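A.B. asks: The following block contains the structure, expressed as structure tokens.
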Amino acid sequence: MTGMTSASGAGGVTAPQPPPLLELRDVRAAYGRITVLHGVNLSVSAGQVVALLGPNGAGKTTSLNVAAGTHPALSGQLMLGGRDLTGANPRDLARAGVCLIPEGRGVFPNLSVRDNLLMMTFTGHSRDEIETIAFERFPILAQRANQPAGSMSGGEQQMLALARGLATDPAVLLLDELSMGLAPLVVARLYEQVAEIASHGVGVLVVEQFAAAVLGIADHAAVLVRGRVEREGAPDELRAELSALYLGSST
Amino acid sequence: MEQFLTFGIVGLSTAAIYAVIGSGLVLTYTTTGVFNFAHGAAGMMAAFAYWQLTEGWGLPVPLALILVLAVLAPGFGLLVERLVLRPVQGMGDAERLVMTVAMLSGLIAISRWVWDPNEARSLPKFFENADSIDIGPATITWHQAITMIVAVVVAIGLRVLLYGTRVGAEMRASVDDRALVGLTGANPVRANKVAWILGTQLAAIGGILIAPAVTLDAAQLSLLIVSAYTAAIFGRLRSLPLTFVGAIVVGCLESYLTGYLPQNQYLPGLRLAAPALLLFLALLVFPHRRLRGRDTKARPVPVPSVRGTLLFAGAIVVFGLVLASLLGEGELITYGQIFSFGVIALSYIPLAGYAGQISLCQLSVAGVGAAVWAHAGGHGELWALALAVVVSAVVGALIALPALRLSGVYLALGTTAFAFILDRWIFTLPSFEIGGLKISLFDGGAVDVAGPSLFGWHLDDGSELMVFAAVWLALASIAVMALRRGRFGRQLIALRDSEAAYATLGGNLLLAKMAVFALSAGIAGLGGALYGMQQRSVSGDQFSFVAGLPLYLVAVVGGLTAVGNGLFTGLALGGSFPVIAAAGTFAQNVTSLMPALAGLGLAKNPDGAVAEVRSGYEAVGRNKPVLGVLGVALAALWALQLQDVLDGWTTFWLALLALVAAQAIAQALEGRQARSAASDVPVEWWGVRRGWRREDEEVLARGIAGG
């Protein structure tokens, strides 16, 4: 229908030009017989925040899962810092610097906050380093240190989840629906932290249903519709077109 | 006072063993999310292996201990993790439960195979010849002292491991969210391996310590675990200190009951059943948190067609008639079980298949039905059959009361406890009176069972009873089909999918659960009565917990949502096993292992064997010529055997050959047709010239979208 196929990863003119940190090249993925990604191209450079937008069922979460190794790609490539890591398992990708904070709360609900932080040490940081950074950024976590993570409020749990992105010093941070079920004020605060993480040179790929929440901090945005990147560009350009893209009428 | 102290010390040292075993259970549960029913059986295997090394082959004790605890137990733990539990990691509670129940049943069968149960074995206690230690008026043996020290060391060690180390956090985290563990760079598989190795080692320590105090018997050792279950439930399956408290309560209770319970004919069973009673109470009294572990997907429940089920029911009756006309009197008693076991197995369909309630006491309930029929139907009165069904249903409703509070593993434990209370205590009682009502079950032994009378016609030979049971299996299958197609069936499935949603839609959980437990128990009771009639005489052991395990396993393998499962389970247990066992002792041992192996194979085919067999024979049903030839061939075989031209085994093998061949031919023909037709049907004729396929919709959608 739309004769135009999306341009490859380097399409955004406004994006900075260093070689991309994370790249999905022509990735296809399926659940059983149903293909959900029909050749997705995405790239994130160091220090860049890329917003991945799109309607329900477009394949946003699947794209993140392919990038983190939790969902297999049928074809295509996953590149990390120029290395081909297609088919690597989540554990190896995590150790190579990919940090996915999954949809819902990315915490272990029955473990205490302290034990959750201990679980962040597998990528090579000491327990003290992690606790120092996490407690400094989110002082509330220090107060709750011995409480089961599941007993905290949604915002506090999301802070704990985000602490992994802060404290483990990843190359790429993948965030899935950070705002889900949270008050707008809390969301705004969390995204401030995300912007700060990016300012240290971390590439951030954010999936978000509520475009307004993320377009404010994004450097670049891509809109995924039915498993294809339909549109890419600067956040301001896309903002105006979003409703048309979401509702599916071609422009 | 001295006696009190002595029994106290015995109680504490037993408690120490329960604590070690119970903490192993808690460890595997908190770190893998699997409640290991075979935990005690692993301890039993360790005790037997230790016996073999020391008493059998004369190895020195320290070397044998090292071999068992540092080589065999970890190896076994790793094997279990790799072969048994990893394949069902993503499946629901019921499936994981089946795996460990299958292991329990399989390990008992293996150990009976390797170590002849008719030969007595015993293990010496540690430092048996050393003097006991005096403490005040009582003494404590070295074995008891060592046991208690081991328990304390285990307690401290586990605490440090789980809550003080990174591996411990990794192990606990992998129950919460395995996927997230991978995302943090940790290794959930390693965590599971460590958990299974440690868990098996703890079971082995417990097994070796307790074996000298009891006889070395496979079932008895495996089932000592009930006491450890109780201890673990005191700890709500997660707290190690409370598990130790629970172990002390159970250990001392058993010991003091031995010491102080008055001697009469009613109470010895109570002592044996005490841990199970306590387990039942503990399950009821303690609050339970929501069961842990996510990713359980409820499988869809197929709707059986009216026509198909009626044909199937007709086939059951014809099969019963044919068998009855061919078999001799002795064989009729053996193979009659096909239909009575079938009815009992069918009771799982509404309960476990539709409503999702796991019950391990269906055979015990069948025992109640058999006992009621034996006493009330002494002259074959038909109303007594109704009474047997009603009484069993009432017993089932009683089980449902606690079931309202329990689900998943807890419900399985509750029904296990119930089965134990029945077979250790209630079934062993002589007749007794409660409030003027005389109750007699098996009168402390066996009771004779009469056949039914149908309007003055007394059914008492094996062939008549077989047909009678076949008719009931057919009727029960139809009833279950009607249930699935009706409103109540839909309610049960809604309840299985989400109890909360069912309640918020205005459903009454208590009523629905009681109704389904009662219904299912009624069916089981009917099956029990039919079984009793065929056996002519029944005793409590025939309805024990252990005897019920194969029934549960085969029913799960058949597929808990398939109406055809009654006949399938009956055929497997009452038909194929006797056929194979006829080949000799080796084959007999193999058959006792088979339910366990089949249960372990569940991961390969979670929809059940019945669905697979049915899809295989659908091709035969569509191909009228093949169906006709098959019918004629079977009828001819039947006629030839009646004329004594063929002997029984020849008929059996030829019939089996005909059935297999018919399926293969029909499928091959259909495959060829499909291949020739599939390639060139234009899109607009899909669903008309050839059948509509599931993938067609996707292909069309893709085509329209321009993909």
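A.B. asks: So B:Q588 fits all but one of (1) more than 17 Å from the chain's Cα centre (by Cα); (2) of a type outside the set (A, V, I, L, M); (3) buried (at least 20 other Cβ atoms within 10 Å of the Cβ); what number is the exception?
C.D. replies: Evaluating B:Q588 over (1) more than 17 Å from the chain's Cα centre (by Cα); (2) of a type outside the set (A, V, I, L, M); (3) buried (at least 20 other Cβ atoms within 10 Å of the Cβ) leaves (3) as the failure.
A.B. asks: What number of residues within segment A:10-47 satisfy the criterion of being farther than 27 Å from A:I197 by Cα, outside any strand (DSSP E or B) and either of a type in the set (K, R) or at pLDDT 90 or above (or both)?
C.D. replies: 1
A.B. asks: Could you list all residues from segment A:150-186 that are small (G, A, S) and under 26 Å from B:V175 (Cβ atoms)?
C.D. replies: Within segment A:150-186, A:G150, A:S151, A:S153, A:G154, A:G155, A:A161, A:A163, A:G165, A:A167, A:G181 qualify.
A.B. asks: Restricting to segment A:48-58, name every residue that is at pLDDT 90 or above and not aliphatic (A, V, I, L, M).
C.D. replies: A:Q48
A.B. asks: B:G396 - would you say it is outside any helix (DSSP H, G or I), among the small types (G, A, S) and over 14 Å from B:L283 (Cβ atoms)?
C.D. replies: no
A.B. asks: Are any residues in segment A:100-121 within 12 Å of B:D176 (Cβ to Cβ) and among the basic types (K, R), and if so, which ones?
C.D. replies: Hit for segment A:100-121 is A:R105, nothing else.
A.B. asks: Looking at B:F35 and the list (1) of a type in the set (A, V, I, L, M, F, W, C); (2) within 30 Å of B:Q89 (Cα to Cα); (3) surrounded by 24 or more Cβ atoms within 10 Å (Cβ to Cβ), which single condition is not satisfied?
C.D. replies: With respect to (1) of a type in the set (A, V, I, L, M, F, W, C); (2) within 30 Å of B:Q89 (Cα to Cα); (3) surrounded by 24 or more Cβ atoms within 10 Å (Cβ to Cβ), B:F35 is out only on (3).
A.B. asks: Just for segment B:171-183: of the residues that are facing another protein chain (nearest Cβ under 7 Å) and in contact (Cβ under 8 Å) with a residue 12 or more places away in the chain, which one is farthest from A:F108 (Cα to Cα)?
C.D. replies: We begin by selecting, within segment B:171-183, every residue facing another protein chain (nearest Cβ under 7 Å); these are B:172-173, B:176-177, B:179-180, B:182-183.
Subset that is in contact (Cβ under 8 Å) with a residue 12 or more places away in the chain: B:172-173, B:176-177.
On the way: B:R172: 9, B:A173: 6, B:D176: 6, B:D177: 6 Å.
So the residue we want is B:R172.
A.B. asks: Counting only residues that are within 24 Å of the chain's Cα centre (by Cα) and either at pLDDT below 90 or outside the structural domain of B:S440 (by TED's automatic domain parsing) (or both), which one in segment B:514-537 is surrounded by the fewest Cβ atoms within 10 Å (Cβ to Cβ)?
C.D. replies: The extreme case among them is B:Q535.
A.B. asks: Continuing with this model, one more query. Which one of these does A:V107 not meet: (1) part of a loop (DSSP other than H, G, I, E, B); (2) away from every other protein chain (no Cβ under 13 Å); (3) crowded, with 22+ Cβ neighbours inside 10 Å?
C.D. replies: Every condition holds for A:V107 apart from (2).
A.B. asks: Something else about it: Residues of segment A:110-146 being facing chain B (nearest Cβ under 10 Å), buried (at least 18 other Cβ atoms within 10 Å of the Cβ) and in a loop (DSSP other than H, G, I, E, B), which ones?
C.D. replies: Residues satisfying the conditions are A:N110, A:L111.
A.B. asks: Go through segment B:156-170 and count every residue that is facing chain A (nearest Cβ under 10 Å) and of a type in the set (V, I, T).
C.D. replies: Looking only at that region, the number is 1.
A.B. asks: Is there a residue in segment A:52-71 that is more than 17 Å from the chain's Cα centre (by Cα), more than 14 Å from chain B (Cβ to nearest Cβ), touching a residue at least 40 places away in the same chain (Cβ under 8 Å) and more than 18 Å from A:I101 (Cα to Cα)?
C.D. replies: Among the residues of segment A:52-71, not one is more than 17 Å from the chain's Cα centre (by Cα), more than 14 Å from chain B (Cβ to nearest Cβ), touching a residue at least 40 places away in the same chain (Cβ under 8 Å) and more than 18 Å from A:I101 (Cα to Cα), which makes the answer no.
A.B. asks: Let me confirm something: among B:A661, B:A598, which residue is away from every other protein chain (no Cβ under 14 Å) and modelled with pLDDT of 75 or more?
C.D. replies: Matching residue, one of B:A661, B:A598: B:A661.
A.B. asks: Please go through segment B:608-642 and pick out each residue that is aliphatic (A, V, I, L, M) and within 17 Å of B:L567 (Cα to Cα).
C.D. replies: Of everything in segment B:608-642, those that are aliphatic (A, V, I, L, M) and within 17 Å of B:L567 (Cα to Cα) turn out to be B:A609, B:V610, B:A611, B:V613.
A.B. asks: Determine, yes or no, whether B:T215 is under 30 Å from B:R112 (Cα atoms), surrounded by fewer than 17 Cβ atoms within 10 Å (Cβ to Cβ) and more than 14 Å from chain A (Cβ to nearest Cβ).
C.D. replies: The answer is yes for B:T215.
A.B. asks: Which residue, of B:A155, B:A151, is surrounded by 22 or more Cβ atoms within 10 Å (Cβ to Cβ) and among the hydrophobic types (A, V, I, L, M, F, W, C)?
C.D. replies: Criteria check complete, one pass: B:A151.
A.B. asks: Looking at B:G396, B:G342, B:G378, which is the one that is within 17 Å of B:S537 (Cα to Cα) and small (G, A, S)?
C.D. replies: Testing whether each residue is within 17 Å of B:S537 (Cα to Cα) and small (G, A, S) leaves just B:G378.
A.B. asks: Being of a type outside the set (D, E, K, R), farther than 28 Å from A:D26 by Cβ and without any contact (Cβ under 8 Å) to a residue 40 or more places away in the chain, is that true of even one residue in segment A:81-93?
C.D. replies: no
A.B. asks: Within segment A:196-206, can one find any residue that is within 14 Å of chain B (Cβ to nearest Cβ) and of a type outside the set (D, E, K, R)?
C.D. replies: No, every residue in segment A:196-206 fails to be within 14 Å of chain B (Cβ to nearest Cβ) and of a type outside the set (D, E, K, R).
A.B. asks: Which condition number in (1) within 24 Å of B:G43 (Cβ to Cβ); (2) among the aliphatic types (A, V, I, L, M); (3) surrounded by 22 or more Cβ atoms within 10 Å (Cβ to Cβ) is the one that B:I146 fails?
C.D. replies: The number of the failed condition is (3).
The values are calculated or read from the model by the stated rules, or taken from the named source; none is laboratory data. This one's a predicted model, so the numbers in the text were calculated from it and none came from an experiment. Because the Cβ atoms are built from the backbone with ideal geometry, glycine has one as well, and the counts that use them run over all protein chains shown.
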